[in-house]
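Q: The structure that follows is given in the form of structure tokens.
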Amino acid sequence: GGAGSAAMAEGEGLMSVDYEVSGKVQGVFFRKYTQGEAKRLGLVGWVQNTSHGTVQGQIQGPTDRVRELQEWLRKIGSPQSRISRAEFSNEKKIEALEHKEFQILK
């Protein structure tokens, strides 16, 4: 972040991206940690387990923050997790956030 980055107006440069994370990501509090990280970054969206052993969801927020969570999903995850792959799709610019918060879906 450069010195001028904080001056960026709210609501500028929002993006939305879908993600799916493969590896040992179920039963390791992955969703809880993802939600915590998203909230820390001020992002909204959702996360859920899939029937085929992955975790998927959507992230929305300022582009640079979304990028941070993408890196986190790719490399870090929850302490017990082992991420083999993180895939991102449907990346797009949005005018407004479509979620109120970051939810864990059942």
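Q: Just give me the residues in segment 13-51 being among the polar types (S, T, N, Q) and part of a loop (DSSP other than H, G, I, E, B), in sequence order. Spell out how you get there, then give the answer.
A: Filtering segment 13-51 down to residues among the polar types (S, T, N, Q) leaves 16, 22, 26, 34-35, 48-51.
26, 50, 51, listed by residue number.
Q: How about segment 63-104: which of its residues are of a type in the set (S, T, N, Q), open to solvent by 70 Å² or more (accessible area, probe 1.4 Å) and at negative phi?
A: Passing the criteria: 80, 84, 103.
The values are calculated or read from the model by the stated rules, or taken from the named source; none is laboratory data. In this text the structure is predicted, and so the values were computed from the model without any measurement. Quick note on the areas: whole protein, heavy atoms, side chains included, nothing else; ligands and nucleic acids left out. Shrake-Rupley method; radii C 1.70, N 1.55, O 1.52, S 1.80 Å.
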